[in-house]
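Any read-out appearing in this document is the output of simple, stated calculations on the displayed coordinates, not a laboratory observation. Owing to the predicted nature of the structure, the values given are computational and were not obtained by experimental measurement. As a convention, Cβ positions derive from the backbone with ideal geometry for all residues, glycine included, and neighbour counts pool all protein chains shown.
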Amino acid sequence: MRKFLAVVKHEYKKIVLKWAFLIGTLLLPLIASLFAVVPAIIFSLKGEPTRIAIVDASGKIAPRIERNLTAEKIAAKAEKSARDSMSNISLTQQDQIKRGSEQMGSFFVFSNFDPAGRSLDDIRGDLMGKISQGVLDGYLIVPENYGSPDAIFEFRSRKAGDFVSGGSFRDAVNDAVRSQRLADANISEKTLRELSQNVNFDEKGLDEKGAERDSDGVMAASFVIGLMIYITLAIYGQAIMAAVVEEKETRIAEILFSSARPFTLMLGKLVGVGLAGLTQLGIWIGSVLVILAVIASQTGMAELLPKMPVITPLMVVFFFVFFILGYFIYASIFALIGSIVTTVQEGGQFAFPPIMLMLIGFYFSFVVIRDPNSSLSFWVSIAPFLAPITMPVRILAEMPPFWQIALSVLVNGAAIAGLVWLAARVYRTGMLMYGKRATIPEVWKWIRAS
Amino acid sequence: MIDSPSLRVEHVSKRFGEFTAVDDLSFEVRPGRVFGFLGPNGAGKTTTIRMIVGITAPDSGTVELFGQHMSAEMQDRIGYLPEERGLYKKMKIVDQLRYFAALKNVSGAEADKRIDFWLDRMKLSEWKSKKTTDLSKGMQQKIQFISTVLHDPDLLILDEPFSGLDPVNVEFMIEVLAEFKTKEKTIMFSTHQMETAERLCNDILLINKSKKVIGGSLREVKESYGTNLIALRMTGGESVLDDKSIVTKAIVHADEIEVHLTDGADPQLLLRRLVESGSTISKFEEIEPSLNDIFIEKVSA
């Protein structure tokens, strides 16, 4: 027992006391928060204003375009589209959008160009000259038949690739022309808005007891859970492999094997590295909880929280159980690979099959999120190798009957027993074979030899 | 029980598929003595040692340590320094030593005490908190030796313990081993260096092609091998050496003659004949065969 604990402690310290662990642990939450902040920063960077000449013989469209592109108009529009795309929007985000769009409003400087009865080609040449001199960035020619369906609005700009201003400019033109057409048809803008109002579509999922739950929140949370388990399994599985290969490469294995049973060493290694993984996962989950608590204390965000799926302590226990199952399944596969290969690089090539299995599990979790009660969801959440990723997602999406969870634990527990047994046998022989990578028939021989 | 062997290997065989690595090997190692385990590369030394320290099990035959069968507890009484030794590259020396001690069931406090003692003894105290990669090869070798003796083993098995050490450190290690010997510990080591073996070993075992060739105390082995070599320095009487009934071969070196006697010939007879022939003899010495000679003859035979 002392030897086992010594191995556990050794493996744990070897990972946790490394800079890479500290950086990795802190970096992930940091990167996550960066993703939230950086777009806003970039958004708020000011560009040069775009100078556009509008050639409008009718004189009706140009003023409307200008009005549509005032700062307030753009802000209101951006906010509306943001609202449409996000189920919820926080006060701080609203602020950001408003600020961003106000700055964008000042992106446009308009000058009216009086056609004065000249021909279009003449006007174009004149404008082109100004653009090439750098006095102007672009021009728009409003056709006289703006009301007709096949009227062509000619927009030429040196900043045509600038999708932000290009997009809002096109929208502004569209709106202006539509308003004018409505005005020509004697329909007021207000009437139209009332007529074309979207229905209020109140969508909520139901659980088996008929209680309402919010499907968006479940989607996001399931995805995050699935991703987190997948990442942790991949990282720590490969950490196991690296640890095994190091002991083989440096020939420490021989000293270890003369001190403790290979099975003790292997199990100690799995547990030690696993605890390091749990530590990291614990820190991540803890920091998420802290962030949520901070958000909850801010009034503006409080309404976001009820949208989060309810996570009961029982669910947490299940997540924990399935994480451990998954860890032991994949870690023993990686340990097995580590004892066959001769270098970490070589191991990297062989890491493909287990990574593929994990990815399949991760992809199947989308099936589970979409329909947690289908028979496909049932099978993938029972299947060994896949269940450690799919079952937690399924539990979050909709708690399956207890016997299914128990069956899944049983099936995967059996898979672990087999894999650890297999890995220990390969480990025992493979670790003392130096120089070349073992072939599959050789490995098979090691497994069969007592 | 002083004289009961601390290690007894009986009729041990080990096969890897078609290949027999160790074939019906038997020997005993006694406490307070240094046992030299000799043989060319691929003779089966490492395989035998691995069976003794419990890394692999023999296909047939038994290994007994201190009168008991090999077991996990027995492993704690062995200190094993493998030929292919290693240390964790990016780990502090003290942490590695603590780990190896813990794997041999030494408590943390006791391990710390012994680590300090041995680092001081090896003059490596200032390297305690350094990483392996900061140490020279010779230093690493000494650290590895420390890791083999931290649990104060009763049986020390060293595979090529002196390879890679400079002469000063070889002397130092021999001194340390001598201490173990006086403490009635058992030392078994394998080597290719016959000079070292000849100097250190009380008993030897030579194996070749997975089989025992000769074994026993160094003295016995040399005597059983017989002394039929004479180093001779003389003037006159060369004709005596032509007598094929006594001398098979006489090789003339720079300042002396190496005389090979025929089997069973009495060296004293040669001496008498030389004196009778009126030769002036300044040196007449029976030479024991060196372990090196025995090794080469037995292995190449």
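The ranking of A:M356, A:M219, A:M266 from fewest to most other beta carbons within 10 Å of each one's beta carbon is A:M356, A:M219, A:M266. Measuring against 26 Å, Cα to Cα, the residue pairs A:K9/B:K128; A:K13/B:K185; A:K18/A:K445 contain A:K13/B:K185; A:K18/A:K445 as the ones spanning a longer distance. Estimated from the Cβ-Cβ distance and a Förster radius of 35 angstrom, the FRET efficiency linking A:I360 and B:K137 is about 0.15. Residue separation of A:T439 and A:A185 scaled by 0.36 nm, minus their Cα-Cα distance, works out to 83.3 nm of gained length. For chain B, averaging the sequence separation of C-alpha pairs within contact (under 8 Å, six or more residues apart) and dividing by the residue count gives a relative contact order of 21 percent. Mean residue ellipticity, 222 nm, helices only, chain B: the sum of -39500 (n - 2.57) across DSSP H runs of n ≥ 4, divided by residue count and rounded to 500, is -10000 deg cm²/dmol. Please list, by residue number, everything in segment B:14-43 whose backbone N is under 19 Å from a paramagnetic label point 7 Å out along Cα→Cβ of B:Y225. Answer for this model: B:34-41, B:43. Label reach from B:K113 (point 7 Å along Cα→C-beta): in segment B:154-172, amide nitrogens under 19 Å belong to B:154. Extending 7 Å from the Cα toward the beta-carbon at both B:F16 and B:E84 defines two label points whose distance is 0.9 nm.
Beta bridges assigned by DSSP with both partners in chain B are antiparallel in approximately 65 percent of cases.
Given the options B:L269, B:L200, B:L103, which has the most mean-square fluctuation in a GNM of chain B, springs set between C-alpha atoms less than 10 angstrom apart? Its mean-square fluctuation being the largest, the pick is B:L269. Beta bridges per DSSP, both residues in the protein assembly as shown: antiparallel share near 60 percent. Fully extending the segment from B:S163 to B:E288 would add 42.4 nm, taking 0.36 nm per residue of separation and subtracting the current Cα-Cα distance. With R₀ set to 30 Å, the beta-carbon distance separating B:K130 from A:M1 gives a calculated FRET efficiency near 0.45.
Tell me, what is the FRET efficiency for B:S300 and A:T343 to the nearest 0.05, using R0 = 56 angstrom and their Cβ-Cβ distance as r? The calculated FRET efficiency here is 0.90.
Modelled spin labels at B:A250 and B:S60, positioned 7 Å past Cα toward Cβ, are 5.3 nm from each other. Pairs B:K89/B:K209; B:K89/B:K142; B:K45/B:K131; B:K14/B:K131: which are spaced more than 27 Å apart, C-alpha to C-alpha? With Cα atoms farther than 27 Å apart: B:K89/B:K209; B:K45/B:K131; B:K14/B:K131.
Among B:L165, B:L38, B:L205, the largest mean-square fluctuation in a Gaussian network model of chain B (Cα springs under 10 Å) belongs to B:L165.
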